[in-house]
Amino acid sequence: TAVLKTEFLGQKYENPFMNASGVHCLTVNELDELKRSKAGAFITKSATTLERAGNPEPRYYATALGSINSMGLPNKGFQYYLDYVVDYQKNDSDGKAPFFSVAGMSRDENINILKIIQRSDFQGVTELNLSCPNVPGKPQVGYDFQMTEQILTQVFEFFRKPLGVKLPPYFDFAHFDIVANILNKFPLAYVNCVNSVGNGLYVDAASESVVIKPKNGFGGIGGDYIKPTALANVRAFYTRLNPTIKVIGTGGIASGQDAFEHLLCGATMLQVGTALYEEGISVFERLEKELKEVMTQKGYKTIEEFRGQLRTL
Ligand code: DOR
(Lines give C-alpha, C1' and ligand atoms only; values in the text may rest on other atoms or scores of the structure.)
Protein backbone atom coordinates (compact mmCIF):
# COMPACT_ATOMS: atom_id res chain seq x y z
CA THR A 1 0.00 0.00 0.00
CA ALA A 2 1.04 3.60 -0.70
CA VAL A 3 3.11 5.52 1.86
CA LEU A 4 3.09 9.29 2.26
CA LYS A 5 6.41 9.67 4.10
CA THR A 6 8.05 12.92 3.06
CA GLU A 7 11.52 14.32 3.61
CA PHE A 8 11.74 18.10 3.74
CA LEU A 9 14.87 20.09 4.62
CA GLY A 10 16.49 17.01 6.11
CA GLN A 11 13.51 16.19 8.36
CA LYS A 12 11.29 13.17 7.93
CA TYR A 13 7.53 13.64 8.12
CA GLU A 14 4.81 10.99 8.20
CA ASN A 15 2.93 12.81 5.43
CA PRO A 16 3.16 16.12 3.54
CA PHE A 17 0.04 17.77 4.97
CA MET A 18 0.13 20.90 7.12
CA ASN A 19 -2.24 23.71 8.02
CA ALA A 20 -1.81 26.88 5.99
CA SER A 21 -0.61 29.63 8.30
CA GLY A 22 -3.57 31.54 9.68
CA VAL A 23 -5.89 28.59 9.92
CA HIS A 24 -6.24 26.82 13.28
CA CYS A 25 -2.97 28.16 14.68
CA LEU A 26 -3.72 31.35 16.62
CA THR A 27 -3.55 29.94 20.13
CA VAL A 28 -1.55 27.32 22.01
CA ASN A 29 -4.75 25.33 22.24
CA GLU A 30 -5.23 25.29 18.46
CA LEU A 31 -1.54 24.53 17.88
CA ASP A 32 -1.74 21.62 20.33
CA GLU A 33 -4.74 20.29 18.40
CA LEU A 34 -2.64 20.34 15.23
CA LYS A 35 0.13 18.56 17.09
CA ARG A 36 -2.28 15.79 18.07
CA SER A 37 -3.89 15.65 14.62
CA LYS A 38 -2.83 13.55 11.63
CA ALA A 39 -1.08 16.54 10.04
CA GLY A 40 2.50 15.70 9.09
CA ALA A 41 3.72 19.09 10.29
CA PHE A 42 2.20 22.43 11.23
CA ILE A 43 2.86 26.16 11.26
CA THR A 44 2.05 29.06 13.57
CA LYS A 45 -0.08 32.11 12.73
CA SER A 46 1.95 34.86 11.02
CA ALA A 47 3.36 36.91 13.85
CA THR A 48 4.00 40.62 14.23
CA THR A 49 6.12 42.17 16.97
CA LEU A 50 3.11 43.13 19.06
CA GLU A 51 -0.17 41.33 19.57
CA ARG A 52 -2.85 42.44 17.07
CA ALA A 53 -6.63 42.19 17.27
CA GLY A 54 -6.92 42.22 13.48
CA ASN A 55 -9.72 43.67 11.39
CA PRO A 56 -13.36 44.09 12.48
CA GLU A 57 -15.73 41.12 12.11
CA PRO A 58 -17.20 39.53 10.09
CA ARG A 59 -13.84 38.94 8.42
CA TYR A 60 -14.10 35.40 7.03
CA TYR A 61 -16.89 33.99 4.87
CA ALA A 62 -17.19 30.59 3.23
CA THR A 63 -18.99 29.98 -0.06
CA ALA A 64 -19.72 26.78 -1.98
CA LEU A 65 -16.43 27.18 -3.88
CA GLY A 66 -14.08 28.55 -1.26
CA SER A 67 -13.61 31.48 1.07
CA ILE A 68 -12.93 35.17 1.35
CA ASN A 69 -11.02 36.57 4.32
CA SER A 70 -9.72 39.84 5.59
CA MET A 71 -8.47 38.85 9.01
CA GLY A 72 -5.81 41.56 9.15
CA LEU A 73 -3.15 39.47 10.89
CA PRO A 74 -4.74 38.94 14.29
CA ASN A 75 -2.01 37.26 16.33
CA LYS A 76 -0.61 37.04 19.84
CA GLY A 77 2.73 38.67 19.08
CA PHE A 78 5.88 36.86 18.02
CA GLN A 79 7.19 36.09 21.52
CA TYR A 80 4.09 33.97 22.22
CA TYR A 81 4.80 31.78 19.18
CA LEU A 82 8.55 31.77 19.71
CA ASP A 83 8.00 30.47 23.25
CA TYR A 84 5.70 27.78 21.83
CA VAL A 85 8.09 26.53 19.16
CA VAL A 86 11.16 26.58 21.43
CA ASP A 87 9.25 24.79 24.16
CA TYR A 88 8.02 22.25 21.61
CA GLN A 89 11.58 21.62 20.51
CA LYS A 90 12.62 20.89 24.09
CA ASN A 91 9.70 18.72 25.11
CA ASP A 92 8.23 16.99 22.08
CA SER A 93 10.02 14.47 19.95
CA ASP A 94 7.20 13.43 17.65
CA GLY A 95 8.99 14.68 14.52
CA LYS A 96 6.44 17.31 13.51
CA ALA A 97 8.08 20.39 14.95
CA PRO A 98 6.16 23.54 14.03
CA PHE A 99 7.27 26.03 11.40
CA PHE A 100 7.34 29.65 12.57
CA SER A 101 5.54 32.23 10.39
CA VAL A 102 6.55 35.90 10.48
CA ALA A 103 4.74 38.85 8.91
CA GLY A 104 6.25 42.15 10.05
CA MET A 105 4.45 45.32 8.93
CA SER A 106 7.62 46.81 7.48
CA ARG A 107 11.07 45.82 6.34
CA ASP A 108 12.55 46.90 9.68
CA GLU A 109 9.97 44.94 11.64
CA ASN A 110 10.72 41.78 9.65
CA ILE A 111 14.45 42.27 10.12
CA ASN A 112 14.07 42.82 13.87
CA ILE A 113 11.93 39.72 14.34
CA LEU A 114 14.26 37.57 12.25
CA LYS A 115 17.25 38.82 14.27
CA ILE A 116 15.59 37.64 17.44
CA ILE A 117 14.80 34.26 15.86
CA GLN A 118 18.42 34.00 14.72
CA ARG A 119 19.66 34.63 18.30
CA SER A 120 17.05 32.31 19.87
CA ASP A 121 17.26 28.59 20.57
CA PHE A 122 14.76 27.88 17.79
CA GLN A 123 16.31 25.47 15.30
CA GLY A 124 13.26 24.86 13.14
CA VAL A 125 11.96 26.35 9.92
CA THR A 126 10.92 30.00 9.60
CA GLU A 127 8.45 31.20 6.95
CA LEU A 128 8.55 34.87 6.01
CA ASN A 129 5.11 35.97 4.82
CA LEU A 130 5.61 38.46 1.97
CA SER A 131 2.01 38.29 0.82
CA CYS A 132 -0.64 39.36 3.32
CA PRO A 133 -3.32 41.16 1.29
CA ASN A 134 -5.42 42.37 4.19
CA VAL A 135 -3.78 45.16 6.12
CA PRO A 136 -5.22 48.48 4.90
CA GLY A 137 -2.44 50.71 3.59
CA LYS A 138 0.15 47.88 3.44
CA PRO A 139 0.64 46.54 -0.08
CA GLN A 140 1.74 42.93 -0.57
CA VAL A 141 5.53 42.92 -0.46
CA GLY A 142 5.74 40.11 -3.00
CA TYR A 143 4.32 42.40 -5.70
CA ASP A 144 7.09 44.96 -5.06
CA PHE A 145 10.05 43.18 -6.65
CA GLN A 146 12.63 45.74 -5.53
CA MET A 147 11.45 45.60 -1.92
CA THR A 148 11.41 41.79 -2.00
CA GLU A 149 15.04 41.74 -3.12
CA GLN A 150 16.03 44.38 -0.57
CA ILE A 151 14.45 42.49 2.31
CA LEU A 152 16.01 39.19 1.33
CA THR A 153 19.41 40.86 0.87
CA GLN A 154 19.21 42.30 4.36
CA VAL A 155 17.87 39.08 5.89
CA PHE A 156 20.61 36.86 4.52
CA GLU A 157 23.31 39.16 5.85
CA PHE A 158 22.67 37.59 9.26
CA PHE A 159 20.06 34.82 9.02
CA ARG A 160 21.57 31.31 9.04
CA LYS A 161 18.56 29.15 9.92
CA PRO A 162 16.24 27.52 7.36
CA LEU A 163 14.03 30.21 5.82
CA GLY A 164 11.15 29.98 3.36
CA VAL A 165 8.99 32.71 1.86
CA LYS A 166 5.22 32.73 1.44
CA LEU A 167 4.48 34.29 -1.92
CA PRO A 168 1.40 35.88 -3.41
CA PRO A 169 0.11 34.35 -6.64
CA TYR A 170 1.62 35.74 -9.84
CA PHE A 171 -0.28 35.83 -13.13
CA ASP A 172 2.25 36.55 -15.85
CA PHE A 173 5.29 34.72 -17.18
CA ALA A 174 7.29 37.93 -16.97
CA HIS A 175 6.59 38.03 -13.24
CA PHE A 176 7.41 34.33 -12.72
CA ASP A 177 10.76 35.00 -14.39
CA ILE A 178 11.56 38.18 -12.46
CA VAL A 179 10.64 36.74 -9.08
CA ALA A 180 12.42 33.43 -9.67
CA ASN A 181 15.54 35.34 -10.69
CA ILE A 182 15.46 37.28 -7.45
CA LEU A 183 14.79 34.22 -5.28
CA ASN A 184 17.59 32.24 -6.95
CA LYS A 185 20.12 34.76 -5.61
CA PHE A 186 19.48 33.66 -2.02
CA PRO A 187 20.03 30.51 0.07
CA LEU A 188 16.30 30.05 0.59
CA ALA A 189 15.05 26.71 1.89
CA TYR A 190 11.71 26.92 0.12
CA VAL A 191 8.97 29.02 -1.41
CA ASN A 192 5.33 28.55 -0.45
CA CYS A 193 2.89 29.08 -3.36
CA VAL A 194 0.39 30.62 -2.80
CA ASN A 195 -1.18 32.98 -0.29
CA SER A 196 -4.81 33.90 -0.92
CA VAL A 197 -5.63 35.63 -4.21
CA GLY A 198 -5.73 39.18 -2.93
CA ASN A 199 -8.62 41.57 -2.95
CA GLY A 200 -11.42 39.61 -4.49
CA LEU A 201 -14.98 40.75 -3.86
CA TYR A 202 -17.79 38.35 -3.00
CA VAL A 203 -21.27 39.69 -3.60
CA ASP A 204 -24.39 38.27 -2.00
CA ALA A 205 -27.13 39.01 -4.53
CA ALA A 206 -30.01 38.31 -2.13
CA SER A 207 -28.94 40.95 0.37
CA GLU A 208 -27.27 43.08 -2.33
CA SER A 209 -24.29 43.28 -0.03
CA VAL A 210 -20.72 42.35 0.59
CA VAL A 211 -20.15 39.54 3.13
CA ILE A 212 -17.15 40.72 5.17
CA LYS A 213 -16.74 44.06 6.90
CA PRO A 214 -13.09 45.14 6.38
CA LYS A 215 -12.11 47.06 3.23
CA ASN A 216 -15.75 47.33 2.09
CA GLY A 217 -15.88 43.60 1.42
CA PHE A 218 -12.60 43.07 -0.43
CA GLY A 219 -10.53 40.13 0.78
CA GLY A 220 -8.20 37.24 -0.01
CA ILE A 221 -9.80 34.38 -1.94
CA GLY A 222 -9.06 30.74 -1.07
CA GLY A 223 -10.41 27.30 -1.86
CA ASP A 224 -11.55 25.76 -5.16
CA TYR A 225 -11.53 29.15 -6.90
CA ILE A 226 -7.77 29.38 -6.69
CA LYS A 227 -6.48 25.84 -7.35
CA PRO A 228 -5.47 26.46 -11.00
CA THR A 229 -3.63 29.62 -9.98
CA ALA A 230 -1.93 27.80 -7.11
CA LEU A 231 -0.88 24.90 -9.36
CA ALA A 232 0.46 27.36 -11.95
CA ASN A 233 2.60 29.06 -9.32
CA VAL A 234 3.87 25.78 -7.87
CA ARG A 235 4.81 24.60 -11.36
CA ALA A 236 6.27 27.93 -12.49
CA PHE A 237 8.58 28.15 -9.47
CA TYR A 238 9.40 24.44 -9.39
CA THR A 239 10.66 24.70 -12.97
CA ARG A 240 12.53 28.00 -12.44
CA LEU A 241 14.15 27.73 -9.02
CA ASN A 242 17.47 26.13 -8.09
CA PRO A 243 16.65 22.54 -7.07
CA THR A 244 17.89 23.29 -3.55
CA ILE A 245 14.86 25.57 -3.10
CA LYS A 246 11.85 23.37 -2.35
CA VAL A 247 8.23 24.32 -3.08
CA ILE A 248 5.30 24.09 -0.69
CA GLY A 249 1.93 23.92 -2.42
CA THR A 250 -1.00 25.83 -0.93
CA GLY A 251 -4.30 26.69 -2.58
CA GLY A 252 -7.42 24.68 -3.21
CA ILE A 253 -6.38 21.44 -1.53
CA ALA A 254 -9.61 19.84 -0.37
CA SER A 255 -9.26 16.27 -1.67
CA GLY A 256 -6.63 13.60 -2.28
CA GLN A 257 -6.78 14.42 -5.97
CA ASP A 258 -6.05 18.11 -5.32
CA ALA A 259 -3.06 17.03 -3.23
CA PHE A 260 -1.89 14.68 -5.99
CA GLU A 261 -2.06 17.53 -8.53
CA HIS A 262 0.08 19.80 -6.35
CA LEU A 263 2.66 17.02 -5.91
CA LEU A 264 2.69 16.36 -9.65
CA CYS A 265 3.47 20.06 -10.19
CA GLY A 266 6.45 19.73 -7.85
CA ALA A 267 5.30 20.56 -4.33
CA THR A 268 6.97 18.79 -1.40
CA MET A 269 4.80 19.83 1.54
CA LEU A 270 1.11 20.67 1.13
CA GLN A 271 -0.81 23.25 3.13
CA VAL A 272 -4.53 23.31 3.72
CA GLY A 273 -6.39 26.54 4.46
CA THR A 274 -10.06 26.82 3.54
CA ALA A 275 -10.76 23.08 3.79
CA LEU A 276 -9.23 22.99 7.28
CA TYR A 277 -11.25 26.02 8.34
CA GLU A 278 -14.46 24.43 7.08
CA GLU A 279 -13.91 20.82 8.13
CA GLY A 280 -11.66 21.05 11.19
CA ILE A 281 -8.58 18.96 11.94
CA SER A 282 -10.21 15.69 10.85
CA VAL A 283 -9.56 16.94 7.29
CA PHE A 284 -5.99 15.60 7.54
CA GLU A 285 -7.08 12.01 8.07
CA ARG A 286 -9.43 12.23 5.09
CA LEU A 287 -6.82 13.82 2.81
CA GLU A 288 -4.27 11.13 3.68
CA LYS A 289 -6.74 8.36 3.00
CA GLU A 290 -7.78 9.92 -0.31
CA LEU A 291 -4.22 10.62 -1.49
CA LYS A 292 -3.24 7.02 -0.70
CA GLU A 293 -6.25 5.83 -2.69
CA VAL A 294 -5.27 7.94 -5.71
CA MET A 295 -1.70 6.64 -5.52
CA THR A 296 -2.74 3.02 -5.10
CA GLN A 297 -5.11 3.24 -8.03
CA LYS A 298 -2.29 4.60 -10.18
CA GLY A 299 0.24 2.07 -8.92
CA TYR A 300 2.46 4.50 -7.03
CA LYS A 301 3.97 3.37 -3.74
CA THR A 302 5.78 6.59 -2.79
CA ILE A 303 5.39 10.27 -3.61
CA GLU A 304 8.94 10.43 -4.96
CA GLU A 305 7.83 8.29 -7.92
CA PHE A 306 5.69 11.11 -9.35
CA ARG A 307 6.66 14.38 -7.68
CA GLY A 308 7.17 17.07 -10.33
CA GLN A 309 6.50 14.60 -13.16
CA LEU A 310 3.68 16.57 -14.77
CA ARG A 311 3.38 15.79 -18.47
CA THR A 312 3.04 18.40 -21.19
CA LEU A 313 1.47 17.86 -24.58
O1 DOR B 1 -5.30 35.49 3.42
C2 DOR B 1 -4.55 35.88 4.31
N3 DOR B 1 -5.06 36.33 5.48
N4 DOR B 1 -3.22 35.89 4.13
C5 DOR B 1 -2.35 36.40 5.02
O6 DOR B 1 -1.15 36.39 4.78
C7 DOR B 1 -2.83 36.97 6.27
C8 DOR B 1 -4.24 36.60 6.59
C9 DOR B 1 -4.82 37.69 7.49
O10 DOR B 1 -4.54 37.63 8.69
O11 DOR B 1 -5.48 38.60 6.97
Within the range 107-149, tally of residues that are over 21 Å from Arg160 (Cα atoms) and among the polar types (S, T, N, Q): 4
Of the criteria (1) crowded, with 19+ Cβ neighbours inside 10 Å; (2) assigned to a strand (DSSP E or B), which one Ala62 fails: (1)
Restricting the range 15-38 to residues that are in a loop (DSSP other than H, G, I, E, B) and aliphatic (A, V, I, L, M), the residue that is surrounded by the fewest Cβ atoms within 10 Å (Cβ to Cβ): Leu26
Residue in the range 4-14 that is under 19 Å from the mean Cα position of the chain (by Cα), acidic (Asp, Glu) and surrounded by fewer than 18 Cβ atoms within 10 Å (Cβ to Cβ) present: yes
Flag for Gly198 being over 19 Å from Thr229 (Cβ atoms) and touching a strand residue (DSSP E or B) at 6+ places or on another chain (Cβ under 6 Å): no
Exclusive hit being within 13 Å of the ligand (Cβ to nearest atom), in contact with a Pro (Cβ under 7 Å, 6 or more places away or on another chain), touching a residue at least 24 places away in the same chain (Cβ under 8 Å) and of a type outside the set (Ser, Thr, Tyr), set Asn75, Asn69, Asn55: Asn55
Subset of the range 189-203 [within 11 Å of the ligand (Cβ to nearest atom) and under 18 Å from the mean Cα position of the chain (by Cα)]: Asn192, Val194, Asn195, Ser196, Val197, Gly198, Asn199
The range 119-152: number of residues that are more than 15 Å from the ligand (Cβ to nearest atom), farther than 24 Å from Asp172 by Cα and either modelled with pLDDT under 95 or open to solvent by 60 Å² or more (accessible area, probe 1.4 Å) (or both): 3
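Residue-by-condition table, conditions (1) surrounded by fewer than 19 Cβ atoms within 10 Å (Cβ to Cβ); (2) within 20 Å of Gln146 (Cα to Cα); (3) more than 16 Å from the ligand (Cβ to nearest atom); (4) touching a residue at least 24 places away in the same chain (Cβ under 8 Å):
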residue: Val179; (1), (2), (3), (4): no, yes, yes, yes
residue: Leu183; (1), (2), (3), (4): no, yes, yes, yes
residue: Pro187; (1), (2), (3), (4): yes, yes, yes, yes
residue: Ala205; (1), (2), (3), (4): yes, no, yes, no
residue: Asn216; (1), (2), (3), (4): yes, no, no, no
residue: Gly220; (1), (2), (3), (4): no, no, no, yes
Answer residue from the range 65-96, given it is charged (D, E, K, R) and not in a helix (DSSP H, G or I) and is surrounded by the fewest Cβ atoms within 10 Å (Cβ to Cβ) among those: Asp94
Helices (runs of 4 or more DSSP H) wholly inside the range 240-313 containing at least 3 residues that are modelled with pLDDT of 95 or more and over 18 Å from Cys193 (Cα atoms): 274-279, 283-298
Boolean, Ile113 is away from the ligand (no atom under 12 Å from the Cβ) and among the hydrophobic types (A, V, I, L, M, F, W, C): yes
The listed residue being within 16 Å of the ligand (Cβ to nearest atom), closer than 26 Å to Pro228 by Cα and not aromatic (Phe, Trp, Tyr), out of Ala20, Ala41, Ala47, Ala64: Ala20
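The values are calculated or read from the model by the stated rules, or taken from the named source; none is laboratory data. Bear in mind the structure is a predicted one, so any value in this text is a computation, not a measurement. Note that we place each Cβ from the backbone using ideal geometry, even for glycine, and neighbour counts take in every protein chain shown. Only protein heavy atoms, including side chains, enter the accessible area calculation; ligands, DNA and RNA are left aside. Shrake-Rupley method; radii C 1.70, N 1.55, O 1.52, S 1.80 Å.
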